[in-house]
Amino acid sequence: MAELPDNFNPVEHLQTTYKIEFNRRVDRYFKDVEGNGDLSGPRPSLKLACRITDDDNDAIMNIRHNLFFNVIGYSRKNLAVVYGSKFDTAPSVAGHPQLFFVFSQDASAVPTDDPPIIHEKSIRLMKFSCASGDEDGSTKPAITKQNMKEIANEIKTLFLSGGRGITYTCGNKSVSYTDPENGFARGNYILVNSKTDAAEIYQKICNAIDVPFYPDRLLLNDPDKPSTTSATAGKTTILGKQVQKKRYRPVAILRFRMAYISLGSILSPIFLLDTTLRNQSLVTYP
């Protein structure tokens, strides 16, 4: 390890290092603003106010630090946003049946050497509990086979067309729908190629379980990164062997395959409708 010079000043070294690292983050945050900022608009003015200069004393540096990290909020970058109380304000989903919808590519549409794309979407049936009585902590009535059959028939009407499962196009866009009271928890989403496809799927799910659909609760996230295929994703070398890189949210037409309900991890799922005919379901297909 190299020896420090006799004239080394640790305070000056700390201030210089802090200035470089701090300004680097400011420049990255304000990358749309040229230079060190100016008074031509709100963002150039903020950048000018945040950047540390050689003439700053400790008090000014602290103010700039507080403005950038706390007032503007850079210190909260990449942290989860919590709306309202950090405590559990949404209804607990424990003890409520979980309904799953499964979509996948047609076998004839799967490219050679690529695995089929399979997407699964689940929601909670908040009108029902899994178990009878209060043993699961829910005041909702326990779901019955008759309840399940009614939902299955609704799904058959809504998710089949011409004797086959309906289709939608998946892609790189994620669309979430939030309605905790009716079983759509925060953070759930489906991958689509357009917001319209997502709205149609969510509305059909709401109709199937007899809850209202609110279009204004749809939230679209359209990433800058485009969908990739195996060809555009390319390959990488691992242990001397060429391996295909994973595709990023590829575009494909997915077809509804089945719907089933889970009442807990120790019980087998109950299939409401299965167009693959691999499982016995409550309603017949087609």
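The values are calculated or read from the model by the stated rules, or taken from the named source; none is laboratory data. Note that the coordinates shown come from a computational prediction; the quantities given were computed from them, not determined experimentally. When we count neighbours, we look across all protein chains shown, and the Cβ atoms used for this are built from the backbone with ideal geometry, even at glycine.
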>> Exactly one of these conditions fails for SER268: (1) among the polar types (S, T, N, Q); (2) within 25 Å of LEU125 (Cβ to Cβ); (3) touching a residue at least 24 places away in the same chain (Cβ under 8 Å). Give me its number.
In response: (3)
>> Scan the range 82-97 and tell me whether some residue there is within 30 Å of ASP32 (Cα to Cα) and either modelled with pLDDT under 85 or among the polar types (S, T, N, Q) (or both).
In response: yes
> What tally of residues in the range 39-58 results from selecting those that are closer than 12 Å to TYR18 by Cα and not acidic (Asp, Glu)?
Replying inline: 3
>> Can you find, within the range 235-253, the residue that is surrounded by the most Cβ atoms within 10 Å (Cβ to Cβ) among those that are out of contact with any Asp or Glu (no Cβ under 9 Å at 6 or more places or on another chain) and in contact (Cβ under 8 Å) with a residue 60 or more places away in the chain?
In response: ALA252
> Of everything in the range 240-259 that's over 22 Å from the mean Cα position of the chain (by Cα) and modelled with pLDDT of 90 or more, which residue is farthest from VAL192 (Cα to Cα)?
Replying inline: MET258
>> Can you say whether GLY264 is surrounded by fewer than 10 Cβ atoms within 10 Å (Cβ to Cβ) and modelled with pLDDT under 95, as far as the supplied structure shows?
In response: no
> Cβ-Cβ below 7 Å, separation at least six or inter-chain, first residue in the range 1-25 and modelled with pLDDT of 90 or more, second aliphatic (A, V, I, L, M) and assigned to a loop (DSSP other than H, G, I, E, B): which pairs?
Replying inline: LYS19/ILE52; PHE22/ILE52; ASN23/ILE52
>> Can you tell me which condition ASP197 does not meet? The list is (1) buried (at least 17 other Cβ atoms within 10 Å of the Cβ); (2) over 19 Å from the mean Cα position of the chain (by Cα), and all the others hold.
In response: (2)
> Can we say ILE205 is closer than 30 Å to ASP114 by Cα, of a type in the set (Val, Ile, Thr) and in a helix (DSSP H, G or I)?
Replying inline: yes
>> For the range 112-126, check the following and say yes or no: at least one residue is modelled with pLDDT under 90, under 19 Å from the mean Cα position of the chain (by Cα) and not charged (D, E, K, R).
In response: no
